[in-house]
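Step one of this worksheet: look at the structure below.
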Amino acid sequence: GKVLRLLQEQRFERLGGNETISTNVRVIAATNRDLEEMVEAGEFRADLLYRLNGVSISLPPLRERKEDLSVLMEYFLARSREQLDRQDIEGISPEALELLSQHDWPGNVRELQSVVQRSVLNASGPVIVPTFLPAELTDGQQGLSAPVATNSEPSNSSDFPYADLAAFVEQQLSS
């Protein structure tokens, strides 16, 4: 009852107090559940739903918004570079971005954030390539990190993601 009164009248009394305090607050609530369905099933209070439901924003899951993937990826990449002190990471290769776009993202945006952080930690070069992505995104075909080249010449080893790096550099130079 007290939460409903606060939402409706913008007033409340402190526990053990006699003075009514007026507020001017807005409540922002988020859920991944269908509250109307829960009200019908008797699992959520209808009066609370009606007080909370002033403005609704429906945001589809990431798997239905693949066009947002690159923007979110860049955002999380910038945050991870800062948080993990990896300013040497410059971007993501087109091949890695393609693998990310093929994933269904059952963990939604939080899963993408975690994948980006793990990829930044796994990276041994300036570009996130498929070998730096977690194994669950590459179907276990590639490891968690790529070997670091020991000289300035490209490695002939099939394990080193030189082709990915070259494609990324070409893309950056042409744009």
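On the basis of being open to solvent by 40 Å² or more (accessible area, probe 1.4 Å), without any contact (Cβ under 8 Å) to a residue 60 or more places away in the chain and at positive phi, does D85 make the cut? First the steps, then the outcome.
Working: open to solvent by 40 Å² or more (accessible area, probe 1.4 Å): yes; without any contact (Cβ under 8 Å) to a residue 60 or more places away in the chain: yes; at positive phi: yes.
Against the criterion (open to solvent by 40 Å² or more (accessible area, probe 1.4 Å), without any contact (Cβ under 8 Å) to a residue 60 or more places away in the chain and at positive phi), D85 qualifies.
Among the conditions (1) among the small types (G, A, S); (2) touching a strand residue (DSSP E or B) at 6+ places or on another chain (Cβ under 9 Å); (3) surrounded by 10 or more Cβ atoms within 10 Å (Cβ to Cβ); (4) farther than 20 Å from P130 by Cα, S22 misses just one, which is (3). The residue list L84, L121, L165 contains one member that is more than 26 Å from N32 (Cβ to Cβ) and either modelled with pLDDT under 90 or touching a strand residue (DSSP E or B) at 6+ places or on another chain (Cβ under 7 Å) (or both), which is L165.
Pick from L77, L59, L112: which is of a type in the set (A, V, I, L, M, F, W, C), in contact with a His (Cβ under 9 Å, 6 or more places away or on another chain) and either open to solvent by 50 Å² or more (accessible area, probe 1.4 Å) or not in a loop (DSSP other than H, G, I, E, B) (or both)? Can you show your working first?
Details: L77 fails: in contact with a His (Cβ under 9 Å, 6 or more places away or on another chain); L59 fails: in contact with a His (Cβ under 9 Å, 6 or more places away or on another chain).
The unique qualifying residue is L112.
Every residue, every condition in (1) among the acidic types (D, E); (2) within 26 Å of D139 (Cα to Cα), yes or no:
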site: G54; (1), (2): no, no
site: E74; (1), (2): yes, yes
site: E82; (1), (2): yes, no
site: R86; (1), (2): no, no
site: I89; (1), (2): no, yes
site: P106; (1), (2): no, yes
site: R110; (1), (2): no, yes
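Can you confirm whether L69 is of a type outside the set (D, E, K, R), exposed (fewer than 15 other Cβ atoms within 10 Å of the Cβ), part of a helix (DSSP H, G or I) and in contact with a helix residue (DSSP H, G or I) (Cβ under 6 Å, 6 or more places away or on another chain)? In short, no.
Filtering the stretch 91-107 to residues that are without any contact (Cβ under 8 Å) to a residue 60 or more places away in the chain, open to solvent by 50 Å² or more (accessible area, probe 1.4 Å) and either farther than 18 Å from E67 by Cβ or of a type outside the set (D, E) (or both) leaves L97, Q102, P106.
The values are calculated or read from the model by the stated rules, or taken from the named source; none is laboratory data. Predicted model, so just to flag it, every value in this text is computed and none were measured. Glycine also receives a Cβ, built like all others from the backbone with ideal geometry; neighbour counts cover every protein chain displayed. These area figures cover heavy atoms from the full protein model, side chains too; ligands, DNA and RNA do not enter into them. Shrake-Rupley method; radii C 1.70, N 1.55, O 1.52, S 1.80 Å.
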